[in-house]
Amino acid sequence: MVKLPHALFLTTLVLHLSFTLAISARGRVPTPPLPILPLPSYSQLKWQQREIIMFLHFGVNTFTSYERGTGHEDPAIFNPVGLDTNQWVSAAMDAGISLMILTAKHHDGFCLWPSKYTDHSVERSHWKDGKGDVVQEFVDAAKARGVDVGLYLSPWDRHEPRYGHILEYNEYYLAQLQELLTNYGSLREIWFDGFKNSTLNMTYYFTEWFSMVKELQSSINIFSDAGPDVRWVGNEDGIAGTTCWATINRTSLSIGNASIEGYLNVGDPRGTHYLPAECDVTIRDGWFWHKSESPKKLSKLLQIYYNSVGRNCVLLLNVPPNTTGLLPETDVRRLKELRNALDTIFSVNLAEKCSVKASSQRGGKDGGFGPENVLDSDHLWTYWAPVDEDDAQDHWIEMRGTNGGLRFNVVRIQEAVGLGQRIKRHEIYVDGKKVAQGTTVGHKRLHRLKGGVVQGSVVRIRITESKGLPLVSSIGLHLDPFWQPKDVKVP
Ligand code: FUL
């Protein structure tokens, strides 16, 4: 018979042992690697996943056919008798777009909402006898269908007499900003255009404006040449640098400074801030609607997509409403064509049918960081990670076609940017032959192969240089039927 003190001792020993074992068993589950700073914010990650955002330039310029109004326009000319913001939203949704940004006020100073601080607005137009509010109709239509909204409010104002009087104008601008940020619910992006072309001396109090924005809406992204959440890409052609870091030194940036356009285009591997670039470009020649213009060809839009989204940026595509207040049918059709083309190219990933292996994998087999993660549907939080000790700087991942050869002309690579942008250089091989190489990857890197369609059975992606260990979240091999480089015979 066991005496009581002995029984207690034994029970304690058993409990202690099983606890220790449990801890050590847990202790063997491989943990995610440490991130490499700077990291994106939650709102930046969400923004980057949108890939395409719709921009809408609308105002008195739509009726005068100017690109930059003088500020002397008579508000009475603004009369979009058939305005239908539902049609705008339908066009965006059909194109797979989840965020739309409207010019609440452009450089001419005319306000699309009845601002109480000026009468240079819809209030003095004939539209709805001066009782309408375009911003409200836009927001209502979008929100009713689950589409997010953002607004553009031009700092340069050619109408407002306070412009040029620094304190008064800054207060006026801030007052309008507060109207927009408090009366229309949640906004996902606010656009501060750095452009001004004025002889008047004007300093903008961006610091105060930005602080007020964040105070009123915490999940909003602020766009300007210099962020703080989204930066300009340095041109209005939809072209990011072939090297494009989401990181940059914010202290080297200033708003409206043409000399930093190159730096904005490329970013900085040693950047202290995560500040990804947005590529604004218009579907037509002008930002505003002009009768004589027509939308860009599908091939041009696809090229823009590859050069922006395919280079770690977001594409902000402007589609201007016409004088009726509708998006032109030609443009709506082109948007649909773009969506269909993107779906055709990217809905099939030939790599999914491949067996996949890598140079090494964190935590070994079944550790949770294996190369199979690049073929699942999560393009952010499941990823392939090599082992920590592997400092050979030749990390690779290989896909082998199971049923005969692979035939593709686009390679997609995505990094687990939630843990920091890392890859500096990479190369792509098909059956041992190099078919493409590049530098940064980031959220998404697309290679349209210069040699056209390749056929082969083993595709190897080598990461030859990175900040710390590379973490690859997704890989795709795609066939783009719209891509036929000149002078290349299709096999
Ligand atoms: C520029 C403006 O001057 C254009 O009119 C347009 O709004 C574009 C998006 O930004 O700076």
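The values are calculated or read from the model by the stated rules, or taken from the named source; none is laboratory data. Keep in mind the model is a prediction, meaning the values are calculated, not measured. Here the Cβ is made from the backbone with ideal geometry for all residues, glycine too, and neighbour counts use every protein chain on show. The protein model used for the area step is the full one, side chains on, heavy atoms only, and it has no ligands, DNA or RNA in it. Shrake-Rupley method; radii C 1.70, N 1.55, O 1.52, S 1.80 Å.
Taking the listed residues 366, 343, the one that is assigned to a loop (DSSP other than H, G, I, E, B) and either surrounded by fewer than 21 Cβ atoms within 10 Å (Cβ to Cβ) or not aromatic (Phe, Trp, Tyr) (or both) is 366, with no other qualifying. Put simply, of 298, 326 the only residue that is in contact with an Asp or Glu (Cβ under 7 Å, 6 or more places away or on another chain) and under 19 Å from residue 236 (Cα atoms) is 298. Is it true that some residue in the range 362-373 is modelled with pLDDT of 95 or more and in contact with a helix residue (DSSP H, G or I) (Cβ under 9 Å, 6 or more places away or on another chain)? No, that holds for no residue. Can you tell me which residue among 237, 331 is touching a residue at least 40 places away in the same chain (Cβ under 8 Å), out of contact with any Phe, Trp or Tyr (no Cβ under 7 Å at 6 or more places or on another chain), of a type in the set (Asp, Glu) and over 23 Å from residue 48 (Cα atoms)? The match here is 331. Mind listing whichever residues of the range 346-363 are open to solvent by 50 Å² or more (accessible area, probe 1.4 Å) and touching a Lys or Arg at 6+ places or on another chain (Cβ under 7 Å)? Passing the criteria: only 355.
Quick check, is residue 275 open to solvent by less than 50 Å² (accessible area, probe 1.4 Å), within 19 Å of the chain's Cα centre (by Cα) and away from the ligand (no atom under 16 Å from the Cβ)?
Against the criterion (open to solvent by less than 50 Å² (accessible area, probe 1.4 Å), within 19 Å of the chain's Cα centre (by Cα) and away from the ligand (no atom under 16 Å from the Cβ)), residue 275 qualifies.
Tell me whether the range 93-106 contains one or more residues that are modelled with pLDDT of 95 or more, more than 25 Å from residue 332 (Cβ to Cβ), touching a Ser or Thr at 6+ places or on another chain (Cβ under 8 Å) and within 16 Å of the ligand (Cβ to nearest atom). Yes, that holds for at least one residue.
I need a count of the residues in the range 196-219 that are part of a loop (DSSP other than H, G, I, E, B) and surrounded by 14 or more Cβ atoms within 10 Å (Cβ to Cβ). Total satisfying the criteria: 5. Using the structure shown, decide if residue 317 is within 16 Å of the ligand (Cβ to nearest atom), under 23 Å from residue 150 (Cβ atoms) and surrounded by 23 or more Cβ atoms within 10 Å (Cβ to Cβ). Spelling it out, residue 317 is indeed within 16 Å of the ligand (Cβ to nearest atom), under 23 Å from residue 150 (Cβ atoms) and surrounded by 23 or more Cβ atoms within 10 Å (Cβ to Cβ).
Answer yes if at least one residue in the range 387-405 is in contact (Cβ under 8 Å) with a residue 60 or more places away in the chain and either closer than 25 Å to residue 47 by Cα or within 25 Å of the chain's Cα centre (by Cα) (or both), and no otherwise. No, the range 387-405 contains no residue that is in contact (Cβ under 8 Å) with a residue 60 or more places away in the chain and either closer than 25 Å to residue 47 by Cα or within 25 Å of the chain's Cα centre (by Cα) (or both). The residues of the range 440-465 that are of a type outside the set (D, E, K, R) and either under 11 Å from residue 420 (Cα atoms) or surrounded by 22 or more Cβ atoms within 10 Å (Cβ to Cβ) (or both), listed by number, are 440, 441, 442, 443, 446, 459, 461, 463. The numbered conditions (1) more than 15 Å from the ligand (Cβ to nearest atom); (2) of a type outside the set (S, T, N, Q); (3) within 24 Å of residue 100 (Cβ to Cβ) are all true for residue 153 except (1).
Within the range 278-296, the only residue that satisfies the criterion of being among the aliphatic types (A, V, I, L, M) and more than 11 Å from the ligand (Cβ to nearest atom) is 283.
Across the range 30-44, the qualifying residues are those that are in a loop (DSSP other than H, G, I, E, B) and within 19 Å of residue 245 (Cβ to Cβ), and the one among them that is most open to solvent (accessible area, probe 1.4 Å) is 37. Among the residues examined, residue 430 does not qualify as touching a strand residue (DSSP E or B) at 6+ places or on another chain (Cβ under 6 Å), hydrophobic (A, V, I, L, M, F, W, C) and surrounded by fewer than 17 Cβ atoms within 10 Å (Cβ to Cβ). Within the range 297-306, one or more residues are within 16 Å of the ligand (Cβ to nearest atom) and not in a strand (DSSP E or B).
Here residue 190 meets each of (1) of a type in the set (Val, Ile, Thr); (2) touching a helix residue (DSSP H, G or I) at 6+ places or on another chain (Cβ under 8 Å); (3) more than 16 Å from the ligand (Cβ to nearest atom) with one exception, condition (3).
Looking at the range 53-70, which of the residues that are in contact (Cβ under 8 Å) with a residue 40 or more places away in the chain and open to solvent by 10 Å² or more (accessible area, probe 1.4 Å) is farthest from the ligand (Cβ to nearest atom)?
This residue is 63.
If you go through the range 220-251 and keep only what is of a type in the set (Ser, Thr, Tyr), modelled with pLDDT of 95 or more and either within 12 Å of the ligand (Cβ to nearest atom) or surrounded by fewer than 23 Cβ atoms within 10 Å (Cβ to Cβ) (or both), you end up with 224, 242, 243. Filter the range 193-219 for residues that are small (Gly, Ala, Ser) and within 16 Å of the ligand (Cβ to nearest atom) and give the result. Correct list: 194, 198. Could you tell me whether the range 285-299 includes any residue that is surrounded by 22 or more Cβ atoms within 10 Å (Cβ to Cβ), under 24 Å from residue 343 (Cα atoms) and not small (Gly, Ala, Ser)? Among the residues of the range 285-299, not one is surrounded by 22 or more Cβ atoms within 10 Å (Cβ to Cβ), under 24 Å from residue 343 (Cα atoms) and not small (Gly, Ala, Ser), which makes the answer no.
Applying the selection to the range 55-91, what residues are aromatic (Phe, Trp, Tyr) and farther than 18 Å from residue 284 by Cβ?
Within the range 55-91, 78 is the sole residue that qualifies.
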